[in-house]
Each structure stands twice: as structure tokens, then as C-alpha cells.
Amino acid sequence: MTTNRRTFLQMLSAGAVTASFPASIARALEIEANDRTRSIEDVEHIVILMQENRSFDHYFGSLRGVRGFGDPRVAKLPNGDPVWYQPDGKGRYVLPFRPDVANLGLAFIEDTDHGWNKTHVAWNNGVYDGWVEQKSSISMTHLTRQDIPFHYALADAFTVCDDYHCSLLGPTDPNRYHMWTGWVGNDGSGGGPVLDNAEAGYGWSTYPERLVKAGISWKIYQDQGLGLNAAQYWGWGPPYIGNYGDNSLLYFHQYQNATPGTPLFEGALTGTDINALTGTNPQVAAHLVDQFRADVLANKLPQVSWIVAPEVYCEHPNWPANYGAWYIAQFLDALTANPKVWAKTAFFLTYDENDGLFDHKVPPTPPANRAQGISTVPTTNELMAGLSSFMDGPIGLGVRVPMVVISPWSKGGYVSSEVFDHTSLIRFIEARYAGSNPGLVESNITPWRRAVAGDLTSAFNFRNPNAKVVALPSTAAYVPPDQSPAGTYVLAPPANQALPAQETGVRPARPVPYRLSAHGTANFHDGTFALHFGNEGKTAVYQVRSGNSSQGPWTYTVGSGAEVADTYAITANNLSGYDLSVYGPNGFFRGFKGSVGKGSANLDVRVTENAEENSITLAGTNRSAGPVTIQLKNGYTGEVLSSAVGAGASGAHTFSLNGTHGWYDFTIEVAEDAGLRYQVAGHVETGEESFTDPAIAV
């Protein structure tokens, strides 16, 4: 049964405390997946809905089990504060905060700057300390389950990706170009590189053109203004009409010059006929849903579909988040109206960029030069320099944004923590169809980005998709009211600030393809500290930050099977010692703090992960001049082991990780040297499903 706007409003008004999913979403959890081959070949329909301008922490920072506000190993600013404590330029800081607004999910909140230049200044070469100064305190706002319960319920029912990034440190159009073309004309071809929303007309190749050549059916579902003012209503018309300018293919010459009857015209330049409907009629969106539903019921849904929302439903911050909740629900209702179609569908819900909204995970980026790090993967066309209106810097990856993978193969409230970006959507289409047609491999995607970002297949369980979900999550969802408030809410941080709470508990986790290692050694002879990075799994980006120097941060892209080493001067820089922190995907962390002065302890600690036994072995050698007493603390159990180790002697201890789902966090200290502290933390990847980090929001 289809739920109309008014009925939805009555069911899920602000006075409602809890409600189950709409019947169609409950059906989505019950309908079994097409599992003919138990592989990605069973996917016959790929549907992508890209909404507007929300960061991951802004929406899901308080969601149970994800890398949110309870992240135990968050990057630190040069003053030692976690990145949550964003300086305001006046000697104070602003923490993430929930605005004191009733019914926040239906509030009109302010937009913030999300252009290339201010975003790069806020990012600050990875220092990550300019959010409030560049984008105001509004950037630190966030919502909770009570505000956007429908979004949280989707995450509880399906799979949420907590390391999915927008593609570019900047605005809407360039990020959407990554989704539809793989890049922004990075090499200067076709009018690129495009780093803003100029919409001047471009000519590089697009992915739908590859679909046409391969005979893959595709379509963009959108409203248009036939009979009114087509040029206006394609984009910047009244908010219930058009596509808010978000069909970025319309800015390419090959589409602008397409004629009726040609594949590009029929796929990208047609839409719902809204002739004779007024610009303030909220039922306009229903016409688009009806067209989509009709194709689903008639078994005419294309192999690849993109949905482009009118402004009012796109979740852009100057429109309420829960207008989007109602909109999303309509499409899920339409998909599940034909169980045979839903059984073969992968539906991706994501957001084009973060607006100016803060997220605490520093995005992985390539080094601009040797002083900023190393990449074993070519960084060609990923670094912008010498452009008149834009400051130098990497294109991306951009800030984390929400991604929920909604399909019969993604049920169960899972988290996927592989690194993804918008080109991953193209990669998923490649994974499904390029095996029989190599022409579908998108050459616009750069080598660095193709290596670092995954193809989203790890967010699915194609082998055993039909496990039953035991219970549906409780939720209260919202629907857009018929009338819009006159203005936006002006938001201000509270007088008494505190880091937001995150829901406690773990979630089931999809396997991730990382096998990481980072080993550090101090050289007392020449006053340096060396880091060695290894990688036996998928290409990963390591980020290194210094706690006692203005140097850095540094970034290291290490390809599969590759190794990288770097050395950091201590005495030559007049530093009292070393304090280096290494961050990698999925909670990987190594910390090295100590001194190379006379009488300081010198340990060589090596970590060996055993995937088969789900265990970890810590092996240490005492390189100090005399004996030391090593204290080893297990951060998950609280257990402390103490052992006296003579000069030059070695020892090892193996720990089973079955009780922590493969997670480990050990601190190594020396009784005779209070300044030495090493920390090793992460997750042993077995290739099987697991659970999220128990240390999150304990």
C-alpha cells in the first residue's frame, strides 16, 4: 500500500514516539534475494539516490557501532586536543553540538560554505583545525536518532558505510561529476578541471555513454517543466519542481546537443511531465515516484537508474532532513511493490558532499610532494596546482558522508568500514557488468583513486543473503509538512559544551580487505626515528601526525604488497623526543612516544597478526643500555602484564582476540622511563564477518 503525504504526516507527527517501518520497508526485510548464482551476477537493477550536503558525523555520529563521537582513537590537533575541539580563532573552541531546536528533523537550518578554497583552508594540509573559523560554529551541529529516526532505522535494518567519502574537498557539481564521469576533467580536457559549480558546459566523457555502447539500459528519474519553463525547472525553479540542478549531466555538451530519440536525450533529458502543476504544489514529487513505481510494476526498471530529487526533498541543510526521509520512503515503497524486482535490486542512498558540516575522520589524500609523504601508487591528476582562482591542494578524497546500502543482500544492520568514494558507485557497476564488457571500465578514474577506494561489493553478502532479520528496529519517521516556515533557525553552540554521546554497543561488521602493519624504531646514534609501513591487503593510506612538532602531518599511500619507510629527525630539529601517531583504515593505530636522550629506554616492538587463530603476537627487544621492566596493558580487558627484560634480550606474548571480535589495543610502557609509551591497536581481518569495535562508546 502506498502511503501518501498526509497519511504519513498523521502517522508520524512530532507527537508520535515510536513506530515501525512502513509496511513496504518491513517487506523489504522479508523478501528474499535473488540468489541464483550467489554472486554479484544476481544483481539486475542498480538504483542510486544521491542527496545533498550532509556529513557522516552530522547525521550518524551518535549511531551505535560506527566511527562516530565515541571513536577511541581520534586524530589530535597540534595542541594535543582531539579534532573535536575546533578552535574558533578567539582562543576558545567549539565541540559538535545538537542545536536546542524542537523537532530538529523538520527544522530549516542554515547552510554553510562548502567551496574549494575554504574547505582546503579548513582541512589545512591535514592539520584539520579550520572548521569553525572558515565555516562558522554551525559546521559543528549534528542530529540524533530522535531527530532523523527514519535514517537511523535504515542503518539498523541494512548496511551503513562508515568510511565513505565524497570525492572532492569542495562543492556539489564536482562531486556529482565523480559519480557520473569518474573525475572533474582533471587533466584539463573538455573544459576541466572543474572545482566549482560554474556549470559552464563541458566535454569529457561520461559513464552513461559507456553504458550506451555496452547495451546497458539506464535512466535518470527527475522532474522537468514541460509546458512551463523547461530551462528554469530543470534546476533553479520553485522548490517542488525540477531537480535542483543536480542532474549534472545537463552541463555536458554531448547531452545539451542530444536530440529526442537518441540514448543520451531519452536517458538524461526526459522526466516527469509536471505541466499545469504550480510551483508550490507538494504533490509534484509524487508524480516522479509514480513514474518510478510504474516502471517497477511493469518490470521496466533499467539496469542502472539515478534519482534526482527536487530541492525540497534533497536534504540540503536549508531544507529539513525529514522531508528527505519521506521522499526516500516513497521510492522504497515503490521498489518493494514488485517483490521480483526488489529481489534483484541494489539501492544506494548517499550524499554528494558534506556542505560545511564537520566530520572527525581526516580524509585520506595523496601527498603533494616528498616532504608531505610518499605514495607507491601514481598520483597523476589528483593534485591541483597553479590555478588562478583556486588554492593548490589535492582533489580528495573529500569529507565523510553518509552511505546506506539498501538491498536484499545487505540486510542485518551491518557496518562496512572499507574506504569508498563516489567513484565506487561506478566501480560497482563495473564489478557487475564489465566482466563481459571491458569497455565499461572507466578510464577517467585515476590510478590513485582506483587503488584507494573500493567498489562497494564488500558491503554485500552475496553468498548467504537470505538470513532472517530477527527484529525490526523501533523508529519514528517524519514527513514534510504542507507549509514551509518563513525562515531558517539561527544556531549557536551551548554555553556549557560537552562531547556528544554515542549509542553504546556493537554492530555486525562486513569483512574489509586490509592487512596493515606499521613498525617504528628509534636510532639513538643519529637522533632519528624511522617508520616502516607494510601492506599485505588492499591499498591503504596511512596518516602520521606529530604531537611535539609543527611538522607534518604526512600521508603514505601503500599499495598491495608494497612497503614504504621514512625517517623523522629529532635532535637535528632540536626536539626533546619523538611523539608520532599513525592512523589507518578501520581503527588501525600505532603510537610511538619517547626520547633518544641518554638514559632513555629503547624498545623495538613488533606486531604479528594471525588471522587463522584470531590472535596477535607482540614481540619486543630491549635495545636499552640496561635492563628494563616492561608493562603491557590490554585496553579491552584491563589486564596488565609486567616483565623484567635484560639489555639486548627479547620476549613475545600471544593474545587470543576471540573475546573482542578480533579487536586489540595494547599500551607498552617502561617502569624506568616514564616518557616512553607505545600503543598498538586495530582489528585482525579474517575475511569473515565480525563485529564493530567494542571500544566505541563504551
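The values are calculated or read from the model by the stated rules, or taken from the named source; none is laboratory data. Just so you know, these numbers come straight off a predicted model, no measurement behind them. Every residue, glycine among them, receives a Cβ derived from its backbone with ideal geometry; neighbour counts consider all protein chains shown. Accessible surface areas use protein heavy atoms only, side chains included; no ligands, DNA or RNA. Shrake-Rupley method; radii C 1.70, N 1.55, O 1.52, S 1.80 Å.
Charges at C-beta only: +1 for Lys and Arg, -1 for Asp and Glu. How large is the resulting dipole of segment 113-198 about its Cα centre, in Debye rounded to 20?
Computed about the Cα centre, the dipole is about 100 debye.
Could you sort the peptides 187-193, 116-122, 414-420 by per-residue average Cβ neighbour count (10 Å cutoff), highest mean leading?
The packing order, highest mean first, is 414-420, 116-122, 187-193.
Given a cut-off of under 8 Å on Cα pairs at least six residues apart, what relative contact order in percent is computed for the chain?
For the chain, the relative contact order is 20 percent.
Hey, what angle do you get for helix 423-433 against the long axis of the chain, alpha-carbon based, 0 to 90 degrees rounded to 10?
In the chain, helix 423-433 runs at an angle near 70 degrees to the longest axis.
Using helices alone, I'd like the mean residue ellipticity at 222 nm for the chain: each DSSP H run of four-plus residues gives -39500 (n - 2.57), total over residue count, nearest 500. Walk me through the intermediate numbers first.
Values: 16 runs with 125 residues, N = 698.
Rounded to the nearest 500, the figure is -4500 deg cm²/dmol.
Among His316, Val362, Pro339, which residue has its Cα positioned farthest towards the positive end of the charge dipole of segment 280-375, with +1 placed on the Cβ of Lys and Arg, -1 on the Cβ of Asp and Glu, and the dipole taken about the Cα centre?
The Cα lying farthest towards the positive end belongs to Pro339.
For log10 I(q)/I(0) by the Debye sum over Cα atoms at q = 0.06, 0.08 Å⁻¹, the choices are [x] -0.34, -0.61; [y] -0.40, -0.74; [z] -0.41, -0.66; which was calculated from the structure?
Checked against the structure: label [x].
Determine, from the Cβ-Cβ distance of Asn548 and Val101 and an R0 of 41 Å, the FRET efficiency 1/(1 + (r/R0)^6), rounded to the nearest 0.05.
The computed FRET efficiency comes out at 0.50.
So, with a 1.4 angstrom probe, what is the percent of accessible area on segment 239-392 that is carbon and sulfur? If you can, show how the numbers build up before the last one.
Working: 2610 of 4730 Å².
Carbon plus sulfur share of accessible area: 55 percent.
Of all GluC sites (Glu not before Pro) in segment 624-679, which ones are in loop regions per DSSP and have a Cβ with at most 12 other Cβ atoms within 10 Å?
Details: sites: Glu639, Glu669, Glu672; in loops: Glu639, Glu672.
Sparse-neighbourhood loop GluC sites (Glu not before Pro): Glu639.
Name the residues of segment 285-311 whose amide N is less than 18 Å from a point 7 angstrom out from the Cα of Lys340 along the C-beta direction?
293-303
Once both axes come from the Cα atoms, what is the angle between helix 172-181 and the longest principal axis of the chain, in degrees from 0 to 90, rounded to 10?
Roughly 90 degrees between the two axes.
For a quick protection proxy, order the peptides 38-45, 97-104 by their average other-Cβ count within 10 Å, most packed first.
Final packing ranking: 38-45, 97-104.
Hey, with R₀ at 35 Å, roughly what FRET efficiency would Ser189 and Asn610 work out to, going by the Cβ-Cβ distance, to 0.05?
0.15
Between the helical axis of 321-336 and the dominant principal axis of the chain, each derived from Cα atoms, what acute angle in degrees is found, rounded to the nearest 10?
For helix 321-336, the angle is close to 70 degrees.
Given the chain, what percent of its DSSP beta bridges are antiparallel, to the nearest 5?
75
Mind checking the full-extension length gain between Asp290 and Leu387? Use 0.36 nm per residue of separation minus the Cα-Cα distance, one decimal, nm.
30.4 nm
With a 1.4 Å probe and every protein chain left in place, work out the accessible area per residue of the chain in Å², rounded to a whole number. Walk me through the numbers on the way to the answer.
On the way: 24520 Å² over 698 residues.
Here the per-residue accessible area is 35 Å².
Please work out how much accessible surface Met391 shows to a 1.4 Å probe, ignoring ligands, DNA and RNA, in Å² rounded to 10.
Solvent-accessible area, nearest 10 Å²: 80 Å².
Can you give the charge dipole size of the chain about its Cα centre, rounded to the nearest 20 debye, using +1 on the beta carbon of Lys and Arg and -1 on the beta carbon of Asp and Glu?
So the dipole magnitude of the chain works out to roughly 640 debye.
May I ask you to derive the FRET efficiency for Arg92 and Thr380 from their Cβ-Cβ distance with R0 = 35 Å, giving the value to the nearest 0.05?
Working from the Cβ atoms, E equals 0.25.
Magnitude of the Cβ-charge dipole of segment 262-405, K/R +1 and D/E -1, about the Cα centre, nearest 20 debye?
The calculation lands at about 480 debye.
For the ranges 558-570, 312-324, what's the packing order if you count other beta-carbon atoms within 10 Å of each residue, average per peptide, and put the highest first?
The most tightly packed comes first, giving 312-324, 558-570.
How much of the accessible area of segment 505-544, probe 1.4 Å, is carbon plus sulfur, in whole percent?
Details: 680 of 1280 Å².
Here it works out to 53 percent.
Taking 24 Å as the cut-off for C-alpha to C-alpha distance, list the pairs among Lys76/Lys135; Lys538/Lys633; Lys300/Lys344; Lys135/Lys593 that go past it.
Over 24 Å Cα-Cα: Lys538/Lys633; Lys135/Lys593.
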